[in-house]
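Encoded as structure tokens, the structure appears first; notes follow it.
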Amino acid sequence: MTISAPFTRSIAATAIALTPFIALANQHYDQVGAAQYELDQAYANGDVEKIRSLVTPDHVAITSYYPSITTTAEQIASMKDANYTVLSDGDPIYRTIGEDDDVVSITVTKSYSGHWGDREMPAHAISTSIWSLHDGKWLQSFYQETPVSPAVSN
């Protein structure tokens, strides 16, 4: 197979044209990843004000250890009964949602030990969170975590 010079130039031009967008997406991913880390630490440390500062007012979460779809207020109220350790986090997968690069999802594998209230934390799980940019700050609006077998989480 022969690739013509005009085709090669076209591919190169497209790559050059997309470079600023790729750099912007990577910058957003770094910022969202840092915000996710801060939020995880806030939950682990029971830092209620930090949690509230990193989620949208209508934030909800779905996990195997919450009794149902929960609001941030419900999650915070139940934190006093949590005792867990995050044993490991996998490499995150970032996806930009929409055309404006202001909504990003993060999917990551997690491994826990411990409990949240009377429910065991999953030994292996996959979580997805949705983050959106609000006045220059990334806020989480949705979090879902699903227990999986170890083979799926690796």
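The values are calculated or read from the model by the stated rules, or taken from the named source; none is laboratory data. Note that this is a predicted model, so its numbers are computed, not measured. Reconstructed Cβ throughout: ideal geometry from the backbone, glycine too, with neighbour counts over all protein chains shown.
Annotations
- Against the test of being touching a strand residue (DSSP E or B) at 6+ places or on another chain (Cβ under 9 Å) and either farther than 17 Å from Q36 by Cβ or touching a residue at least 40 places away in the same chain (Cβ under 8 Å) (or both), the options S111, S105 yield a single qualifying residue, S111.
- Among residues of the stretch 30-62 being polar (S, T, N, Q) and surrounded by 16 or more Cβ atoms within 10 Å (Cβ to Cβ), the one that is nearest to A73 (Cα to Cα) is Q36.
- The criterion of being outside any helix (DSSP H, G or I), at pLDDT below 90 and either of a type in the set (K, R) or out of contact with any Cys (no Cβ under 9 Å at 6 or more places or on another chain) (or both) holds for Y112.
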